[in-house]
Amino acid sequence: MTSIDVVNLTKEYGQTRAVDGLTFSVLPGRVTGFLGPNGAGKSTTMRLVLGLDRPTSGTATVGGRSYASLDEPLRTVGALLDPGAALGARTARDHLRVLAAAGRLPTSRVDEVLEQTGIASVARRRISTFSLGMRQRLGIAAALLGDPAVLMLDEPSNGLDPEGIIWIRELMREFADDGRAVLVSSHLMSETAAVADHLVVLGKGRLLADTGIQDFLDEWTTPRVRLRTTEGERLRGVLVREGYQPVQADDGRWTVENARVEEIGPIAAREGIPILELAGEGASLEAAYLALTSGEAEFTTTTSPLSQEV
Amino acid sequence: MSTIPLTPMKSHVSLTPSLRSEWWKIVSVRGQWVALAAVFLATLGFSLLMSGTFTAEQLAAPEFDPLRSAYYGLNFGGIGAVSFGAMAAAGEYKSGAIRLSLAAVPHRGVFYTAKLAVIGALALVVGLATSLTCFLIGQALMDEYGVGLGDPGALRSVLGCGIYLALITLFAAGLTMVARSAPAVIGTLIPFLMMMSFVIGDLDDDGGIAEFLPDRAGQQILLQDPTGPLSPWAGLGVLALWTGAALWAGWVALRRRDA
């Protein structure tokens with residue numbers, strides 16, 4: 001059981017703080033979604049975990065050790081950072097053989113991951129002839145090479161076709177169910193919502209949220225109920241007395257903000273008001289994310305940041 | 001600058017997997033083989049062209065040096081050596097491949113040592129094959145003016161020529177680790193090696209600073225009766241110092257910089 005632990009991590013490039021006092025853990029057995037706008041520090045954090053960049057202060061460890069001190073780095077962490085990171089003059093198979101040799105992995109693993117990622121048929125072609133989707137699959141193949149305990153993927157669905165997106169989602173699910181740790185960054189909210197159990201959200205290098213996905217949705221979205229009834233005015237009176245603010249739309253349907261069907265249904269039943277339709281509106285990760293990051297935008301434009309709560 | 005607690009260094013990080021990986025990096029890219037082949041072919045081709053076309057007067061002249069003459073094409077082979085060293089090192093910096101390399105071999109000292117060992121060993125083997133071939137065929141073409149491997153300085157020149165090519169290759173590789181670009185290093189180093197010592201040498205012909213430039217110093221090893229301030233091996237040593245400085249600069253860059 002190996003986790004990634006980031007503690008007080010800070011990285012400055014000249015005057016810019018790309019990562020600012022970050023603390024979070026990526027635990028085994030679940031998929032952790034890594035969210036944040038471009039430039040929020042997600043990729044930098046991943047590079048710091050791999051020891052590629054040196055932190056200004058703080059630590060990033062894998063299984064309690066710095067990446068550089070791991071005995072078998074490729075068997076510990078499989079990472080996809082940049083699908084372009086391969087010399088175009090090499091064939092896909094040679095590219096993986098170079099990595100396998102460095103990681104003391106048998107050549108049989110090269111052929112296995114080529115099959116697994118669906119690029120075995122183009123394995124002997126030069127990488128320079130690859131499409132973005134094929135490069136992405138090759139990058140994922142490299143990450144899978146060591147059958148690692150931790151999987152760290154930066155935007156893995158980039159360039160993949162819909163089939164490939166489902167495949168990578170299932171792959172991450174399998175890893176997590178197998179008790180491994182998975183950290184996946186994405187700018188696609190629906191993608192992240194479909195696979196993540198836990199979320200780490202960054203904004204301007206700082207931690208905005210580190211929470212389960214359901215808790216995140218509960219905190220940052222307001223539930224809403226839509227209903228249709230034959231006795232609109234009576235229902236309105238009842239709901240207003242209960243502290244709700246029902247609003248009727250042009251089509252006759254009612255919307256109740258900040259309410260759940262579990263609350264509205266029993267009230268209508270108690271009052272004997274006929275309900276023709278009653279539906280709770282699921283909170284979307286996108287709405288929750290935007291609510292959180294718009295708070296962050298406000299935060300960053302105030303002159304005295306400490307005086308304002310997010 | 002980093003506050004990461006230093007994890008105790010493992011007493012023996014194995015070099016073998018990295019050597020194997022670096023070997024695959026070179027054999028899997030055709031351009032690098034072409035550059036290595038060019039070292040052999042360019043040196044041999046231009047050397048034989050010269051050895052085979054000396055006139056009787058040139059051969060009989062008292063200042064005629066049968067050793068140096070056998071390696072006439074060395075500067076052309078040097079272009080191949082610079083290209084090979086620069087390409088082999090710059091492969092890491094094309095499209096960020098070094099991140100994958102360092103994720104596989106996070107110990108940068110092991111990574112760098114293995115890379116230089118493979119580049120240097122290949123260059124040395126090709127260099128020695130080149131020099132021995134040039135010598136044997138070249139001397140045969142010079143008829144009775146040619147010398148044998150047992151003659152004074154002959155073996156020294158063969159070994160030295162091979163080592164010279166390996167050192168030039170590593171010189172380029174070290175600079176490339178600093179510049180992170182093969183064209184930049186090839187474009188700077190080739191004019192520097194090919195022309196600099198001629199230009200400075202012309203201005204300053206009595207054994208001054210030009211004698212200590214990498215190519216001029218290194219080629220002392222080829223001369224039958226070397227003149228100037230540097231003996232054959234001292235000259236090669238000066239080239240080795242240049243190479244060492246470039247490799248050290250490459251190491252500092254690799255160790256300090258973010259990948």
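Taking region A:79-90, which residues are at the interface with another protein chain (Cβ under 7 Å from one of its Cβ atoms) and modelled with pLDDT of 95 or more? Hit for region A:79-90 is A:ALA79, nothing else. In the set B:ILE190, B:ILE168, only one residue is within 30 Å of B:ALA90 (Cα to Cα), in contact (Cβ under 8 Å) with a residue 24 or more places away in the chain and open to solvent by 20 Å² or more (accessible area, probe 1.4 Å); that residue is B:ILE190.
Kindly evaluate A:LEU48 against the criterion of being closer than 17 Å to A:ASP5 by Cβ and buried (at least 22 other Cβ atoms within 10 Å of the Cβ). Taking the combined requirement at face value, the residue satisfies it. Within region A:198-249, the set of residues being among the acidic types (Asp, Glu) and in contact (Cβ under 8 Å) with a residue 60 or more places away in the chain comprises A:ASP210, A:ASP218, A:GLU219.
Taking the criterion of being touching a residue at least 60 places away in the same chain (Cβ under 8 Å), within 25 Å of A:GLY78 (Cα to Cα) and of a type in the set (Ser, Thr, Tyr), would at least one residue in region B:53-73 satisfy it? No: zero hits. Restricting A:LEU114, A:LEU70, A:LEU35, A:LEU48 to those that are more than 14 Å from chain B (Cβ to nearest Cβ) and over 26 Å from A:ILE127 (Cα atoms) reduces the list to A:LEU35. Filtered by the rule that a residue be open to solvent by 70 Å² or more (accessible area, probe 1.4 Å) and part of a helix (DSSP H, G or I), region B:141-159 gives B:LEU141, B:ASP143, B:GLU144, B:TYR145, B:LEU155, B:LEU159. Regarding A:SER43, is this residue of a type outside the set (A, V, I, L, M, F, W, C) and farther than 28 Å from A:THR192 by Cβ? Spelling it out, it is not the case that A:SER43 is of a type outside the set (A, V, I, L, M, F, W, C) and farther than 28 Å from A:THR192 by Cβ. On the given criteria, is A:THR16 at pLDDT 95 or above and either open to solvent by 20 Å² or more (accessible area, probe 1.4 Å) or of a type in the set (Val, Ile, Thr) (or both)? No, not satisfied. Can you tell me which of B:SER14, B:SER18, B:SER28, B:SER2 is closer than 30 Å to A:VAL77 by Cα and modelled with pLDDT of 95 or more? One residue alone meets the criteria, B:SER18.
Considered as a group, the residues in region A:109-121 that are farther than 18 Å from A:ALA85 by Cβ and not in a loop (DSSP other than H, G, I, E, B) include one that is farthest from the chain's Cα centre (by Cα), and that residue is A:SER121.
Hey, among A:THR107, A:THR23, A:THR76, A:THR61, which residue is under 18 Å from A:LEU202 (Cβ atoms), open to solvent by 10 Å² or more (accessible area, probe 1.4 Å) and either facing chain B (nearest Cβ under 9 Å) or not aliphatic (A, V, I, L, M) (or both)?
Numbers: A:THR107 fails: under 18 Å from A:LEU202 (Cβ atoms); A:THR76 fails: under 18 Å from A:LEU202 (Cβ atoms); A:THR61 fails: under 18 Å from A:LEU202 (Cβ atoms).
Selected residue: A:THR23, the only one of A:THR107, A:THR23, A:THR76, A:THR61 that is under 18 Å from A:LEU202 (Cβ atoms), open to solvent by 10 Å² or more (accessible area, probe 1.4 Å) and either facing chain B (nearest Cβ under 9 Å) or not aliphatic (A, V, I, L, M) (or both).
Residue count for region A:1-43 satisfying the condition of being closer than 28 Å to A:GLU174 by Cβ and not aliphatic (A, V, I, L, M): 14. Residue pairs whose Cβ atoms lie under 6 Å apart, separated by 6 or more positions or on different chains, with the first residue in region A:46-57 and in the same structural domain as A:ASN8 (by TED's automatic domain parsing) and the second in a loop (DSSP other than H, G, I, E, B) and open to solvent by 30 Å² or more (accessible area, probe 1.4 Å), are A:ASP53/B:ASP258; A:ARG54/B:SER2; A:SER57/B:THR3. When region B:14-65 is limited to residues that are surrounded by fewer than 19 Cβ atoms within 10 Å (Cβ to Cβ), of a type in the set (Gly, Ala, Ser) and more than 14 Å from every other protein chain (Cβ to nearest Cβ), the one that is nearest to the chain's Cα centre (by Cα) turns out to be B:ALA37. Within region A:77-108, the only residue that satisfies the criterion of being over 30 Å from the mean Cα position of the chain (by Cα) and either touching a residue at least 40 places away in the same chain (Cβ under 8 Å) or in a strand (DSSP E or B) (or both) is A:THR91.
Would you check if A:LEU74 is outside any helix (DSSP H, G or I) and closer than 22 Å to B:PHE111 by Cβ? Explain how you work it out, then say what you get.
On the way: outside any helix (DSSP H, G or I): no; closer than 22 Å to B:PHE111 by Cβ: yes.
No.
Take the conditions (1) within 14 Å of another protein chain (Cβ to nearest Cβ); (2) surrounded by fewer than 21 Cβ atoms within 10 Å (Cβ to Cβ); B:ALA182 misses just one of them, which is (2).
If the condition is being within 12 Å of chain A (Cβ to nearest Cβ) and of a type in the set (Val, Ile, Thr), then region B:80-116 contributes B:ILE98, B:VAL105, B:VAL110.
The values are calculated or read from the model by the stated rules, or taken from the named source; none is laboratory data. Predicted model, so just to flag it, every value in this text is computed and none were measured. Here the Cβ is made from the backbone with ideal geometry for all residues, glycine too, and neighbour counts use every protein chain on show. Quick note on the areas: whole protein, heavy atoms, side chains included, nothing else; ligands and nucleic acids left out. Shrake-Rupley method; radii C 1.70, N 1.55, O 1.52, S 1.80 Å.
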